[in-house]
1. Report, to the nearest 10°, how far helix 29-41 tilts away from the longest principal axis of the Cα atoms in the chain, using its own Cα long axis and a range of 0 to 90°.
2. In vacuo Debye scattering of segment 286-368, one point per C-alpha: log10 I(q)/I(0) at q = 0.12, 0.13, 0.22, 0.26 Å⁻¹?
3. Tally up the carbon and sulfur contribution to the accessible surface of segment 114-232 as a whole percent, 1.4 Å probe, everything protein left in place.
4. Which FRET efficiency, nearest 0.05, do ALA536 and GLU328 yield, Cβ-Cβ r, R0 41 Å?
5. Could you work out how far the C-alpha centroid of segment 549-563 sits from that of segment 599-634, in angstrom?
6. What do you get for Rg/Rh of segment 529-622 when both radii come from the Cα atoms and Rh is the Kirkwood radius?
7. Considering only C-alpha atoms, what is the centroid distance from segment 209-287 to segment 191-208, in Å?
8. Of VAL91, GLN196, HIS222, which is farthest towards the positive pole of the chain's charge dipole, taken about the Cα centre with +1 and -1 on the beta-carbons of Lys, Arg and Asp, Glu respectively?
Amino acid sequence: MALFVRLLALALALALGPAATLTGPAKSPYQLVLQHSRLRGRQHGPNVCAVQKVIGTNRKYFTNCKQWYQRKICGKSTVISYECCPGYEKVPGEKGCPAALPLSNLYETLGVVGSTTTQLYTDRTEKLRPEMEGPGSFTIFAPSNEAWSSLPAEVLDSLVSNVNIELLNALRYHMVNRRVLTDDLKHGMTLTSMYQNSNIQIHHYPNGIVTVNCARLLKADHHATNGVVHLIDKVISTITNNIQQIIEIEDTFETLRAAVAASGLNTMLEGNGQYTLLAPTNEAFEKIPTETLNRILGDPEALRDLLNNHILKSAMCAEAIVAGLSVETLEGTTLEVGCSGDMLTINGKAIISNKDILATNGVIHYIDELLIPDSAKTLFELAAESDVSTAIDLFRQAGLGAHLSGSERLTLLAPLNSVFKDGTPPINAHTRNLLRNHIIKDQLASKYLYHGQTLETLGGKKLRVFVYRNSLCIENSCIAAHDKRGRYGTLFTMDRVLTPPMGTVMDVLKADNRFSMLVAAIQSAGLTETLTREGAYTVFAPTNEAFRALPPKEQTNLKTAKELANILKYHIGDEILVSGGIGALVRLKSLQGDKLEVSLKNNVVSVNKEPVAEPDIMATNGVVHVITSVLQPPFNRPQERGDELADSALEIFKQASAFSRVRCLLAPVYQKLLERMKH
């Protein structure tokens, strides 16, 4: 196996060309994407790279595996073209790009890589061209021709009107006084530029995108005799303010400024680090109800959670987003960041109005909608985003709204809307009490619930927790979705209306006229005490009609106390199994000793393939499922009894066959057993 792995690795290395080695240092994400592009382009000749171009634009990307198959960038279709990989060129009459580009100085290399405008502006300064042509070792992040042409006219005019100060300084800011290749460009690092030692921010993302002050590297690692050239898609400028200072000077952040000051986060936002602030504008704050805004602004913990939900743990430039990805906020929630064409999206919404405002400690994107985390919401606000609106209306109508919007530590058990597809119950004393028993007097998390735990409700009931292999239930109702944990309350979405237990199993059976014959049978068999005391039972309760429908011979069997007890114990499981905990099939051990096969298909519960007429009548010591037939234990079925005896005898005979002398002794016994079964 180890030899096979080594051979496979060697084959891959040969297929990918000399760039792939078995023992070399790990490649950077950029180099891995370039390697994949080279692999996809190799059929067109040596040193050919596959490039994806977004249709209708000039945007090009080296392709990774996912993008290759999806053929999309930011949701927009792409076409594949094949170009010379960086550092190579075509030769007339030859396939692919067999020739390495001739090495020349930095100034000449600018023209080769498609940055002739940078070359032109270098000429206009008096000092820079000799420096680029002379000895030394430099790195230049050279804006493409399109990058220069996209500058606002007033910015470009100010540069070219003062070439030996403004233009020279701008060009020097794009340079580093040493050779830096893409493998040296680490995520979150800063490089010291040749303009007043000002910092340049580098980010190298897992998808292979590399940004320089949020400008994307288009083509990298073009070697020169005195350095290296990286082509970028923007003209970059110096960064002077931190995130907090930008918040302070921008009028559109007036409300955010007050919120940050009240939360105490200003110290972090003006300190060291690399953050992304999704900065809500004044307009974003105005969109939420005044009552909600005032509540959050007046609650330091909720306010801090709100603001932390707008801060990412690392700097995320817009150019790094080419498809959807999940990012974690300082609050601990996950946001889905994506793109649609030129627009960035948050959780599928195009709410970013201004992007890539650089700060010394990160990047700011303006957003026009507040991202309120669950941890800053009331139970009412949590429910508004869940499929439980019908239940919430019932709580309001029942006068329980204050519990769902206040500061009590509670857990709300809210049934799904689908539970009420046939209508809602009228609001009366019974309904109010039932709804109060859907509110637990503590703020819970489902991951900490355990089997047998009891929970106290506002209605004074004690509810039990049942943990099954694939479900977590509270009494007859099971949790149908992930928790939503709010500021004070937690929302559990439940799959049905919860019915608290109303007495023991015997109390339940005695209170229902359908079970009068079953109650009499239990009393005759001496099982009353069992079903009255504390315990955990699942009772499949035959109705009176089930007993009347029994054949005469089976009715006769019930007249013997021992036989009656045997049959009734077969209807009682030795643990509590509600319908939501069944899954596909559960083999439940009965008090009689044999196992019951309990299954769920198309929302119908069956026991031994007999359908249950009504499941989940809860009792303090168990659960009752109503059935319309009397279950027969295996040994009460003549055919099955004979089959089992025959199987046992046959098994004994087979085991004995290995020992010929013992076999001779046991053969007559085996024959007599068979003869007795025939009679």
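The values are calculated or read from the model by the stated rules, or taken from the named source; none is laboratory data. The structure presented is a predicted model; accordingly, all values stated were derived computationally and were not measured. Virtual Cβ from ideal backbone geometry, glycine too; neighbours counted across all protein chains shown. Surface areas here come from the heavy atoms of the whole protein model, side chains and all, with no ligands, DNA or RNA. Shrake-Rupley method; radii C 1.70, N 1.55, O 1.52, S 1.80 Å.
1. Taking the Cα atoms of the chain, the angle to 29-41 is about 90 degrees.
2. Result of the Debye calculation: -0.40, -0.47, -1.14, -1.33.
3. On the way: 2370 of 4810 Å².
Here carbon and sulfur together make up 49 percent of the probe-accessible area.
4. E(calc), rounded to 0.05, equals 0.50.
5. Spelled out, the Cα-based centre of one part sits 21 Å from the other.
6. Here Rg/Rh amounts to 0.97.
7. 13 Å
8. VAL91
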